[in-house]
């Protein structure tokens, strides 16, 4: 007998059994109660905001990072806000770039090449994107950017080249609750500082990275087992590292 036929007979037999039972108990009292529940996943939503609470936009730095000289630094302070319904346990930061977004000062298509003294042109002064990124120091700080203007809560320090292939430690580790809860809505500060190596030589004149991608990765707390009757919405929204 084929599986299809066997399944067909099984269904028919089950239907017959229900018919016989129903026929024999039709006159008895019966009562049916129905209960329904919804099942909804929470949301994990990290937003970047300016210190005044408005949206940060597509770029982290508002200043055009151009015409920089060795020793120059630029600092940006902004906010991380939990705009979702689930608490955020950790936030990690990474900055990456593509080789295609780099132009060496020696590159004939680089408009700055014409402004470079000829004695600093040639193969001896040619660099790669990684060479240039290795001259850019990056410092990342967590906490309140207003209350801690001296950058006392440093999370990570290294070069842009290093940050291309690794994530920083958790930025929220330097805040009071070491996390970013959704209830009450929490906002933590971040400070990012870029410094052009003061020892960078003439070979880096005119070098340009046209795009640096800043990424912030928000991570949820581990799943937990709840007993029925627990206010799960509040529990998952208010979860912090401190309790």
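Where a number appears in this text, it was derived from the coordinates with a stated rule and is not lab data. The structure presented is a predicted model; accordingly, all values stated were derived computationally and were not measured. FYI the Cβ positions are ideal-geometry reconstructions off the backbone, even for glycines, and counts take in every protein chain you see.
Roughly speaking, what is the centre-to-centre gap between the range 177-243 and the range 94-109 when only Cα atoms are used, to the nearest Å?
Taking the Cα centre of the range 94-109 as reference, the centre of the range 177-243 is 27 Å away.
Once the range 187-243 is represented by equal point scatterers at the alpha-carbon sites, with solvent omitted, what log10 I(q)/I(0) does the Debye formula produce at q = 0.22 Å⁻¹?
The computed values of log10 I(q)/I(0) come out as -1.08.
How much length, in nm to one decimal, is gained on full extension between residue 220 and residue 120, taken as 0.36 nm per residue of separation minus their Cα-Cα distance?
Extra length from residue 220 to residue 120 when fully extended: 30.9 nm.
With an 8 Å cut-off on Cα pairs and a minimum separation of 6 or more residues, tell me the relative contact order of the range 134-243 in percent.
32
Order by neighbour count: 174, 157, fewest other Cβ atoms within 10 Å first, most last.
In increasing order of surrounding Cβ atoms, one gets 157, 174.
For the range 64-165, report the convex hull volume of the alpha-carbon atoms normalised per residue, in Å³, without decimals.
Taking the convex hull of the Cα positions in the range 64-165, it is 157 Å³ per residue.
What spacing in nm lies between the two simple spin-label points modelled at residue 165 and residue 113, each 7 Å away from Cα in the Cβ direction?
2.9
Throw me the Rg/Rh for the range 157-217, computed over C-alpha atoms with Kirkwood Rh, two decimals.
1.10
Just order 228-239, 131-142 by mean Cβ neighbour count inside 10 Å, highest at the front, would you?
Order by mean packing, descending: 131-142, 228-239.
If each of residue 43 and residue 183 carries a label point 7 Å out from its Cα toward its Cβ, how far apart are those two points in nm?
So the two model labels end up 1.6 nm from each other.
If you build the Cα gyration tensor of the range 89-236 and take the root of 5 times each eigenvalue, what three semi-axes come out, in whole angstrom, biggest first?
Each semi-axis is the square root of five times an eigenvalue, giving 43, 16, 11 Å.
Stretched out fully, how many nm does the piece from residue 67 to residue 235 gain, at 0.36 nm a residue minus the Cα gap?
Once the chain is fully extended between residue 67 and residue 235, it gains 55.4 nm.
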